Protein chains: 4
Amino acid sequence: MSDVSKYTGVFPIAPTPFNPDGSIDWKSADRLFNCYNEIGSDGATVLGIMGEAPKLEPHESLELLKRAVKALAGKPIIVGVSAPGFAAMRSLAREAMEAGAASVMIAPPNTLRTDDQIVGYYVQAVEAIGADVPFVIQDYPLITNVVMTPGVIRRIVTDNPSCVMLKAEDWPGLEKISLLRKWQAEGSLRPLGIMVANGGLFLDFEMDRGADGSNTGYAFPEMLIEVVRHAKAGNRDAAHDLFDAHLPLLRYEQQPVLGLAVRKYVMMRRGILASDAQRKPGSVLTATAKAEVDYLLARLARTDKRAAL
Amino acid sequence: MSDVSKYTGVFPIAPTPFNPDGSIDWKSADRLFNCYNEIGSDGATVLGIMGEAPKLEPHESLELLKRAVKALAGKPIIVGVSAPGFAAMRSLAREAMEAGAASVMIAPPNTLRTDDQIVGYYVQAVEAIGADVPFVIQDYPLITNVVMTPGVIRRIVTDNPSCVMLKAEDWPGLEKISLLRKWQAEGSLRPLGIMVANGGLFLDFEMDRGADGSNTGYAFPEMLIEVVRHAKAGNRDAAHDLFDAHLPLLRYEQQPVLGLAVRKYVMMRRGILASDAQRKPGSVLTATAKAEVDYLLARLARTDKRAAL
Amino acid sequence: MSDVSKYTGVFPIAPTPFNPDGSIDWKSADRLFNCYNEIGSDGATVLGIMGEAPKLEPHESLELLKRAVKALAGKPIIVGVSAPGFAAMRSLAREAMEAGAASVMIAPPNTLRTDDQIVGYYVQAVEAIGADVPFVIQDYPLITNVVMTPGVIRRIVTDNPSCVMLKAEDWPGLEKISLLRKWQAEGSLRPLGIMVANGGLFLDFEMDRGADGSNTGYAFPEMLIEVVRHAKAGNRDAAHDLFDAHLPLLRYEQQPVLGLAVRKYVMMRRGILASDAQRKPGSVLTATAKAEVDYLLARLARTDKRAAL
Amino acid sequence: MSDVSKYTGVFPIAPTPFNPDGSIDWKSADRLFNCYNEIGSDGATVLGIMGEAPKLEPHESLELLKRAVKALAGKPIIVGVSAPGFAAMRSLAREAMEAGAASVMIAPPNTLRTDDQIVGYYVQAVEAIGADVPFVIQDYPLITNVVMTPGVIRRIVTDNPSCVMLKAEDWPGLEKISLLRKWQAEGSLRPLGIMVANGGLFLDFEMDRGADGSNTGYAFPEMLIEVVRHAKAGNRDAAHDLFDAHLPLLRYEQQPVLGLAVRKYVMMRRGILASDAQRKPGSVLTATAKAEVDYLLARLARTDKRAAL
């Protein structure tokens, strides 16, 4: 069984920085990964949906991963490898591991329906990538339209020793986390990292329910890090206070399709990215939307100086 | 446990006859049900999707059922009661049973995803309609978008003694029928009627696989009856010969939305229905489509005199 | 064209109060509707999804509506009439109007796909309920899986003079509201009430974008009323301050399936409902979830005394 | 505008031949493509869904294409390039064109809903692959869950001069073909190849409605070729006679997931493929299913000697 203990803390989901002409902005990429490292991230995820992975050429994907591996030296990098075919998944997974990734993340395709189909899919995926490649289950029904019961997750984890983590973003998902943790306490489910996402919308309570940390891409990863630390230290009120201060902006990021545009815009305003450009086809913020984000940042700056831009 | 032995042979799915002004054509309804009885149907289903049930007022639905019960005196009538809410399902089910129905048919709502959700839904449905009301599972993923594994069907059947029949229209469904029959032979699944539908497209082989009969609405139910009899008598070639002769027309009926218009048009040409009208909103055949059906009927008439209209 | 000017302000979505035995708690229903009236609601919606409408018998639905009409004397009541069939929709719509409803709300069925199908559906619905019955378009793709472009909404509004309001809960929906308002300013879209929902998650900015008000069921409708008033008075900061204070709890309500349980629990704790029971099949809060809500209420009470329970 | 006149006749959809160990069986591939050429195919499609494209490595895909190009020397080869990301689509399209493909086929992703989204997607796809690459629209809602109205197809064709063909497999689709042909006759839609698929289930009438030919993978492409020739020569009865003789087997192929297994099994029995193996994960026929296919072949052999195996 792979080492699951390192899947804890905060692993930001990295956006891919682009220049306005659509080429990758490598300087911003380095700055972004260095930023993640310096603020105390425990790892990172690259080439996820929010990383615009499907728009990247294979050599770009690999280069991006290598830079993340280097900047976050020693910290685990998860690489999204979901693909419609097992050939592409296998290639990307093998290459990613060679380039220094710690594990790969696999979401189920939206054609799966029954419990057995879902379980069977992960068996096939592991057969494709190799049982030696640690993998993460992405449980995100809002996007995948695939609903995994806690029992299905247990079957996948039990059947596949190379499963190291659950990226838990079911909605609602609080009781699911509680039940999985209960099963582990009882010994009917083996150890497994559980990191939460869903844009961070329930991070405060997910930590209370036993999550190991956060694996999402909010534009202020420092907040995620502090909330997770507070929660682990038992400072519940402090965790909620900080979380609540960021909630209006974090909530604004929860707009499908537009969320990435908001994140990149804030990261640009923060000086982390040189541009908020997305590679085509991408979403753009209207002037009104940018003004709304600016307003939220100004309000946030009253309690969190980092937002004073 | 309810009596499952009567769910065998051919139960035509009845269309609801309308006058061109949208009112129910009761005379045609009586003629239709009498026709079903005289040609040797073993029962019938009313108020299914093909019966335009959602367009009927409750008193119309009940009257239609009563006429079917009367015309097919003694033969079991299945009534479709699928509804978005359990209140409506309960009302219709109780009223249908009082009016002489043999059982009710329930399709799962298209929001169900996991195995447990499907099994749980049938538990709730039985709680709503009462455990004394025999019911039929409709397994029709092409329409419901709900996929039931053989194991899920076994759980529903085992959990609910009032389940009397499976309307099997998964696609493909041949191996499913074989597996359920195997489980029954081994004793791990209790007796249960299995009648097939899916427009009849695989009736020939479904009978070979062990189906009890047909529960569909093809415009020549006599063909279904003869094919089922041939199959049960072991006359495999005769069953296929007759089936194959009808296949071009039966295939033409397999057009979603248009299928009912084809059936009603053929039944009108056969003199069973006075009109092929549907209550609004309904589908209509173009002149070209009618000419295609006429052409198919003319070709069919070369081997089946019933099609010489 | 119907009068659209009354669709403004706050119309709470009413839950249906039940006793623990599943019968309707009429006393709580009266208290709830009186509460809506006294705090300054401008109307209300009954028999929506959150009203557990599909579990009610027709006579219960009608009685509930009549009590709402009486308690909110003179204020418009919207009645949800979405149904899988036009017969049921027509019956409920006609009965609702006779019982004093101001208008009916219709969501598109989740089988619609193309622009023309959606537009055509509303034409058929109006034909069914009658062109004299004012109706509300419910645009809620997260639940209905039907995506209406602004252009499709304009076609529906233009084709059907009886359309009085858009319940806008697309996600994201801010730009949609802005565009519809722009079209109205330019004269290419006639006047129409636009009230927002989606659980209230974006109410603050939706008001900035030009919404007429809120049509959702948050457990503190007083907050919705004050935010809408602040927004209309141009007190942007005050609107956001109050909204942000409630956001952690409001966000907690945003859990599909569980949201209603949270609302009923808070309303019970507030003394508005005698019980948080749902008619079966319903969702229930675990003890942990209730403690989380209590914690959120205690935190909210620091700034909003109404939450000090 | 690209040359659309060559998209006529029969373009078989090629399966990818594998050895039992999962490697590509190049010898069978050559035999298959030579067979297509010798029987009079007018072109072919490779790397479609039925070609198990997502399981192939990029170099395998390219090699397969090159062999098809060589064997069918001079005849147009269509290459499936549908992909979740435009980067992969662009790479494959450019490489395919360099390797001799005539055009690429693009199906819309199943997340598209509105008319504008569908039209916009094709604009983006053309931007990705280049306006100089001829492309085919695949209209297959049963698989893609995307419904394109005739009007949407016209917009795509009009907006993109590089569109050369519609692969028409809507279901039902007869009236759609008639309407598109009517628009072309009226001059409101420019010339465009319309080839039909859907497993061939409606080929007989689709030719009557004006289709240019067939683009499907039935195991006896000779039948498709003869039916298309008869239809084009005005021999309607002869076309239907031959089609009807094959319909029982062709219908048996219409089983989702299992269809490819049936095709490969028949092609193996015909001596075209050395094995009916699929690369993992694949579907397999049970002994019972194989016996059913054998039975159908034996029956077919009574009228078509090619089926006497």
Checklist outcome for this item: Within region B:118-145, residues within 14 Å of chain A (Cβ to nearest Cβ) and either in contact with a strand residue (DSSP E or B) (Cβ under 7 Å, 6 or more places away or on another chain) or closer than 22 Å to B:Ala87 by Cα (or both) come out as B:Ile118, B:Val119, B:Gly120, B:Tyr121, B:Asp139, B:Thr144
Item to check | Of all residues in region C:80-117 being touching a Leu at 6+ places or on another chain (Cβ under 9 Å), in a loop (DSSP other than H, G, I, E, B) and within 12 Å of chain B (Cβ to nearest Cβ), the one that is most open to solvent (accessible area, probe 1.4 Å) | outcome: C:Ala83
Checklist entry - Going by the conditions given, is A:Val69 under 25 Å from A:Glu222 (Cα atoms) and not in a loop (DSSP other than H, G, I, E, B)? => result yes
Item to check | Residues (open to solvent by 10 Å² or more (accessible area, probe 1.4 Å), assigned to a loop (DSSP other than H, G, I, E, B) and over 24 Å from C:Glu127 (Cβ atoms)) located in region B:13-47 | outcome: B:Ile39, B:Gly40, B:Asp42
Item to check | Subset of region D:122-167 that is among the acidic types (Asp, Glu) and open to solvent by 40 Å² or more (accessible area, probe 1.4 Å) - its residue that is nearest to the chain's Cα centre (by Cα) | outcome: D:Asp132
Item to check | Residue, farthest from the other protein chains (Cβ to nearest Cβ), within region B:228-280, restricted to residues that are among the small types (Gly, Ala, Ser) and in contact with a Pro (Cβ under 9 Å, 6 or more places away or on another chain) | outcome: B:Ala274
Item to check | In region B:175-213, the residues that are of a type in the set (A, V, I, L, M) and within 24 Å of B:Asn160 (Cβ to Cβ) | outcome: B:Ile177, B:Leu179, B:Leu180, B:Ala185, B:Leu189, B:Leu192, B:Ile194, B:Met195, B:Val196, B:Ala197, B:Ala211
Next on the checklist: For region C:128-207, give me every one of the helices (runs of 4 or more DSSP H) that falls completely inside it and has 1 or more residues that are in contact (Cβ under 8 Å) with a residue 12 or more places away in the chain and charged (D, E, K, R).
Outcome noted: C:150-159, C:174-186
Checklist entry - Can you tell me which residues in region C:234-247 are in contact with a Lys or Arg (Cβ under 9 Å, 6 or more places away or on another chain) and open to solvent by less than 10 Å² (accessible area, probe 1.4 Å)? => result C:Ala239, C:His240, C:Leu247
Checklist entry - When you go through (1) touching a helix residue (DSSP H, G or I) at 6+ places or on another chain (Cβ under 7 Å); (2) surrounded by fewer than 19 Cβ atoms within 10 Å (Cβ to Cβ); (3) in contact (Cβ under 8 Å) with a residue 60 or more places away in the chain one by one for B:Thr286, which number turns out not to apply? => result (3)
Checklist entry - In the list B:Asp170, B:Asp208, which residue meets the criterion of being under 18 Å from D:Glu253 (Cβ atoms) and crowded, with 21+ Cβ neighbours inside 10 Å? => result B:Asp170
Item to check | Restricting region C:48-66 to residues that are within 14 Å of the chain's Cα centre (by Cα) and not in a helix (DSSP H, G or I), the residue that is nearest to the other protein chains (Cβ to nearest Cβ) | outcome: C:Glu52
Checklist entry - When region D:197-224 is examined, which residues are found to be more than 8 Å from chain B (Cβ to nearest Cβ) and farther than 20 Å from D:Val136 by Cβ? => result D:Ala219, D:Phe220, D:Glu222, D:Met223
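The values are calculated or read from the model by the stated rules, or taken from the named source; none is laboratory data. Just so you know, these numbers come straight off a predicted model, no measurement behind them. As a convention, Cβ positions derive from the backbone with ideal geometry for all residues, glycine included, and neighbour counts pool all protein chains shown. Surface areas here come from the heavy atoms of the whole protein model, side chains and all, with no ligands, DNA or RNA. Shrake-Rupley method; radii C 1.70, N 1.55, O 1.52, S 1.80 Å.
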